[in-house]
Structures are given as C-alpha cells and as structure tokens.
1. With a cut-off of at least 2 residues that are of a type in the set (Lys, Arg) and surrounded by 18 or more Cβ atoms within 10 Å (Cβ to Cβ), name the helices (runs of 4 or more DSSP H) lying wholly within segment 164-270.
2. For the subset of segment 101-114 comprising residues that are open to solvent by less than 40 Å² (accessible area, probe 1.4 Å) and part of a loop (DSSP other than H, G, I, E, B), which member is nearest to ligand 3 (Cβ to nearest atom)?
3. Looking at segment 79-100 only, could you name the residues that are under 27 Å from the mean Cα position of the chain (by Cα) and either at pLDDT below 85 or within 16 Å of ligand 3 (Cβ to nearest atom) (or both)?
4. Please find, among 23, 30, the residue that is polar (S, T, N, Q) and in contact with a strand residue (DSSP E or B) (Cβ under 7 Å, 6 or more places away or on another chain).
5. In segment 467-503, which residues are in a strand (DSSP E or B) and either within 10 Å of ligand 3 (Cβ to nearest atom) or among the polar types (S, T, N, Q) (or both)?
6. Could you check, for segment 315-322, whether at least one of its residues is assigned by TED's automatic domain parsing to the domain that holds residue 207, buried (at least 18 other Cβ atoms within 10 Å of the Cβ), part of a loop (DSSP other than H, G, I, E, B) and of a type in the set (Gly, Ala, Ser)?
7. Looking at segment 34-58, which of its residues are out of contact with any Gly (no Cβ under 6 Å at 6 or more places or on another chain), in a loop (DSSP other than H, G, I, E, B) and surrounded by 15 or more Cβ atoms within 10 Å (Cβ to Cβ)?
8. Give all pairs with beta carbons closer than 9 Å in which a residue from segment 698-712 that is in the same structural domain as residue 623 (by TED's automatic domain parsing) meets a residue that is of a type in the set (Lys, Arg) and surrounded by fewer than 23 Cβ atoms within 10 Å (Cβ to Cβ); count only pairs at least 6 apart in sequence or on separate chains.
Amino acid sequence: MVRGLVQGVGFRPFIRRLAIKHNLTGEVVNRTGGVTVVIECDRERADMFARDIQDLAPPAAVVRSVQLRKTRTAGFTGFSIRPSLDADETITEVSPDIAVCRECLDDLVTDPGRRGYPFINCTNCGPRFTIIKSLPYDRINTTMAAFEMCHRCAAEYMDISDRRFHAQPVACNSCGPVYTLRAGDLVITSINDILEEIALRLASGGSVAIKSTGGYNIMCDALNEAAVAGLRQRKQRDSKPFAVMFRDINAVHEYCHVEVQEKAMLESWRRPVVILQQKMPLAPSVSSGLNTTGAMLPHMPVHYLLFRLITTPVLVLTSGNLSDEPIITLDSKAERDLMPVTGCIVSYNREINNRADDSVVRVINGNISLIRRSRGYAPEPVDLSCSVEGVFAAGAEQKNSFCIGRGSQAFMSQYIGDLVNLSTYDFYLDSLRLFSSLFRFTPSHVACDMHPDYLSGRFAEEMAEQNGVPLVRVQHHHAHAASVMAEHRLIGEVIGVIMDGTGYGTDGNIWGSEFMIATPADFERYTHFDYFMMPGGDIAADEPWRMALSCLFRYFGSDYDFSSLELFRQVEGRKLETVRQMLVNGINSPLTCGAGRIFDAVSALLLLCTESKFDAEAPMRLESAASSNIDEYYPYSLNGTVSLQAMFAEMLKELEHPDVPGIAARFHNTVAHIILDVCLRIRRETGLKRVVLSGGVFQNRYLLEKSLYLLSMNKFRVYTNHLVPANDGGVSLGQLLVAAERRGKCV
Ligand code: ZN
Ligand code: ZN
Ligand code: FE
C-alpha cells in the first residue's frame, strides 16, 4: 500500500513503468486511502521495488509511506492498471495544480496541429485543485465534465501505455476549452490571432486581463514604465510591488540575482512567485523603490506560446481584482471590473471552481519561507505527530487561511485574504464548503483567535454553537509559535519568539514582540518590548510617522523638541498637534508592543516611509535600505520588559547627518541581539535550548538570517516556518494544534 499524494499525479503509470523495468508482474489499483500495488516476487526484490517507489516517484507525487505485506494473489501474466476502487472512509489527498511539464511543451512544438493546444496537459501536469468539485478525482467531478473527449483524446485517456492515461483534464483543439479575446466590439476566437492581438497590445504599452489557472491576471510589459505606471493608476493599486513573469530562467538571471534554491523554486512544478534581489532594474513602477522583484516563470502553455511572439522578456503579471477583494474567477465579474482597467480580456470557457492566487515564497538561509500559500500548494496537507481529527481552525483576520484536521493531517485552505469585506467572506465560506466535502469533514472542536471582533471568530462561535461542539480561543502569538511546533512535530516546552504586527493579548493590549515559554497546549509570557501608544488606533499602522512620534514621546516626553526632526517638519502642523495631544492625554491610543510598529517608527524616522500605501510597506523599505556589511547594534536594556530608549537616543543623535543604510542595518542587528539576549536569559533560567521563530516580521530576510546566525552560534536549536507562512496565513495551523492538544487526545 502506498499512501500520500498518489492520485492525479501520474502515479499508476509510473508504477507500471517501474514494474516493467524491474521485470515484475502484478497490478496497481487506486483506492480511496492510497494506491495498492501487487507484485509477484521475493522479499528482497520487493524491498528494492519499494525503495524505487520512494526515490523515483513523479515530481508532484508525495509518497508518505510504502507498506509491504505478503498476499496470496498470484498468477499474473503482465502488469496491469485496474479501475479505481472507492470503498472505505479514509480520505484521499487532492493534488495541487501542476505547471505544464517539459514533455507537453515538447508536444506543443513537435505537433503544432493537434498538440499546439493552449491547454495541453497530461498525467504529470495540468490543473487539479482549481477544477475539482468533488471526489473521487475523475473528469465527471471536475469543471472538465462539460467537455466531451474526441475519439483521439478518449483513446489516449484509455491507453495505459499513454502519458495521458486517465489524465482527467486531457483535451485537444477539437474537443477542449478554448480561449476568447474581447476588446470593445472586437471578438477573436482563434488562438493564434488572440496571441497576435495580445502581443500587439503589449508592444504598444497596453495591458490585458487573462484568465489563468486559479483566477484572472493582468499583464503588461514590465520594461515599459508608461505601461506599468498607467496600469497602476487604472488599477488604483498605489505602490504595492507587482509580480512579474520572465520568459525563461536566462531572462531571470539577467535581471535578478538567483541562488541555487531560488532557481529550484522558480523551476519547480509549483511555479510560485519567488522574491529575488534585483540585479538590473525593470520599469521603476514595478517594485516601487524596493530592491527585490517578485519573479515567476511561465506555468501555463499559453504563457509559453505568448513569449514566442513578444519581444519583451518580462511581463507584469498581477492579480486581477479590485483592491481588498479576492482574485476574480468569474468571467462576468472580469468583464465588469477588469474591462475598465485593461480594455481587453482573454478568457476561456472552462469554469474555475476553486480560486487560487499565485503563491509567493522567499528563500531565506537556503530554506523556503512561504509568504502566500495558494496555487501549487493548496490543498497539500501538513503531517502532524498527533491526531487533529475533527478540529476546525478558523484562522486569523488578515491573510486568512483556515485549517481542518483529518486523522493526523492538517488540510490548510488556500490563501483567502483579509476578512474585511463580503466577497472575501464569501470566498471563505465557499472554500470551507469545498474542503468539508472533499475531505468528508465534520467539526468536533472549533478553534479561533481571542480577538473579540474578528469575523473568523464570530463565524467560529456560530459553527461551534450550531454543531454543539466546544470552542477554543487561542492567543494569536501562541498560535504562531504552535504553527512552527506543528510543522516540526515538537513536543514539550520551547522558547517562542514571535515578532509580529498585531495580535490580541490576554491583557487586552495589542501584542506582537513576544518572548514566551510555550508548549503546543499552552504558553507563559516571559517578556516583550515596552508598550507604546498607537495614536488614532489602527490608523497608526497606516501612518508610520505616528508611531515614530509615539516612540519618542514614550521615551523622551512631551518636552522634547520634535520640530528639530525633518520627519515632523513634513507632517502638517495641525495633524501633528492633534496626534501629540492624543499622546499627552492618552486619548484614542491603544497600547501595542508589536514589533512591526517599531519597524514602522524607524522607517518613518529615516524618511523611508512616513505614510504606508500597502501592507508592511515601512518595514519592507527599511529592510531594503539596510546595508549588509554592518555588525554593530544599538544599546538597549532588559528590565521586566525590553526598553528601546537607549536605541532611540542613539539614533536621534545620528539623525542629524543620517547614514540611512547604516542606521537601518544597526536597527535590524539590535532586534536580533535582543532576541539572542532574551533567549540566553531564558536558557539560564529554564535550560530550554529550542527556539521557535514566527510572526510576520520574520518575513524580513535580514532579521531572520541575523537571528538564525546569532542563535545557532550560541548553540540554540532554531525552528522556523517552511510549510506554512510565518505571517498570519499560518496562524490556523497553530490554532489547530493548540485545540487538539487541549482536547487531550493528542498522542
Ligand atoms: Zn504534461
Ligand atoms: Zn480531443
Ligand atoms: Fe500575526
């Protein structure tokens, strides 16, 4: 029995080829819980065969276990693939979407007539999660059901020796989905003419909305500043960096620094956006002053076809949506919302059943750090060391994902987004319905954040009440810590260091620079940065200059002459005075110790970002500015809480003639040294040597690498997130584990 992700990824044909190579007779059968292989041979050859299954499995397959058992079945004459047996209650894993494979791309070139098909796919590649409606994964249960196979496709589908044997989305030019381009009165249905028209529009600085695997994308020439700036303006996306798609890996090398692991990620079948260091600039408006580029390689056949026609080696390829709303999947909505932005829409007549945005990753210290987990990742489970059966974890409010537990596996939803509007909330409910039916899930425990006003929290309350099951509220940063413990299957006490933006604390304040002693079930707060006021509440997170004023006010009082600083000369006088009054009188100023707010303050003091136009802009600019060759750090003190007074005092002196890269670097180093210092103290007091690092601030490569370096030099064992994001997108996994542990059945 082979368990894991072994269906819809070309696994059975692989087994058959392997059996033929090993000269074995027998059969392979799909079952609900995995794949059963029967072979006639002795134990030694069976062991070799099992080893090859593990070592040579197709790229998108995940072999979790190969169990060998003796059977009496015998008398096979060859090796056959038998029809699926859908029997027991165990669940099957559903494959994420897989980028078009090398062999299909070759077909595209060698047989342009029939194979020059812009949706070409095989058992090794093609859409999976985004088209599935229910299990088992058969064509009839996908959005391909509407397309009847022509006799040639049907013959390939039935032929076990064919690469397209049981490839559910298999189709060709005469039987499959087709593209249509619309622009004003213009309607084009021939793929070659469509590609020509797109190429023309891109070359003349236009933009095009195109339906991708998991939703609509908008593209334009990433080297044409007028095109990018124009798109930005029409999309009203302020200055959030756009992701780009390069023609091929050589083009990436030309514009970005690419390390070995980054290249592997770019070329992997998951095809995420990979955050890379820039080498040569694209159009300035692409990454708005940051020194990184979000790069990906083509993943659909149509991308490859298009790059043959256009001269630019790189396109902006950004999500097609209105701000704060999920990526658009419906053709009618694209027509309404995206036509005004691009004037041209390329769609195809197959439904996207499950929305999946492009995933975003970054390689830090040679390891994958996920920023957004969606296409190519969802719904791949995380294997845990204990049973989480029946637990539903509602997730956080921002960058939401939810998690359901089946057996000892956590199935995390694709990236949902910020639960701030109805369309995102609908997306949340739709995805939950899908996951519940795909994985036959009924909740027996519900977990959510402690925040009283989170939409996900209210939903969790209702769900618990309707199902008559217990609700567990999990502190936000404990959930962050638990997400790392879940990934690494850690048990017992660890040191948790959570550097984050916002999270509701047990004292009612906003936490986010947490040093804790944590187990999967519980935590004890050890220390944190000093509390600061957030003048104006949430608005202080959007206007970093407020946090700068708040930090200086906290440490140097209201008598300090703020007007000596350039930053405050830039703020309108009346506004500045209002905020100062808020601080003096403590009005409308909740307390926070979120590390993200300190990054905001420093970024503002250095004039890198005084008003934030997109999420985490100020910290990103600060990281981007930091010089890499500096080891110095600022003084600070630890007494009860972490005081940054000495750091700010020093910084203020330097601000007279600021060396921005130096100050930014010293600030990052200071935070890393505080982390080390506190961990050393905790180790002296408790003997704990394992440290888990999580929270959105650790998406900062400079900070994470520095912290990892200092901690490992001091003989700590350090664990970070690799399978789920360190930001709030990973919180649901932590909630799931905490709830399962508290329930007490976790073994
Ligand atoms: Zn293929
Ligand atoms: Zn066909
Ligand atoms: Fe968080």
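The values are calculated or read from the model by the stated rules, or taken from the named source; none is laboratory data. Here the structure is a predicted model, which is why all the values come from computation and not from measurement. As a convention, Cβ positions derive from the backbone with ideal geometry for all residues, glycine included, and neighbour counts pool all protein chains shown. Quick note on the areas: whole protein, heavy atoms, side chains included, nothing else; ligands and nucleic acids left out. Shrake-Rupley method; radii C 1.70, N 1.55, O 1.52, S 1.80 Å.
1. Correct list: 225-235.
2. Once the filter is applied, the top-ranked residue is 101.
3. Correct list: 91, 92, 93.
4. One residue alone meets the criteria, 30.
5. Taking segment 467-503 first, the residues in a strand (DSSP E or B) are 471-474, 494-503.
Matches in segment 467-503: 498, 499, 500, 501, 502, 503.
6. Yes: segment 315-322 contains one or more residues that are assigned by TED's automatic domain parsing to the domain that holds residue 207, buried (at least 18 other Cβ atoms within 10 Å of the Cβ), part of a loop (DSSP other than H, G, I, E, B) and of a type in the set (Gly, Ala, Ser).
7. 41, 57
8. That search, which allows pairs on different chains as well, returns 699/362; 701/362; 711/717.
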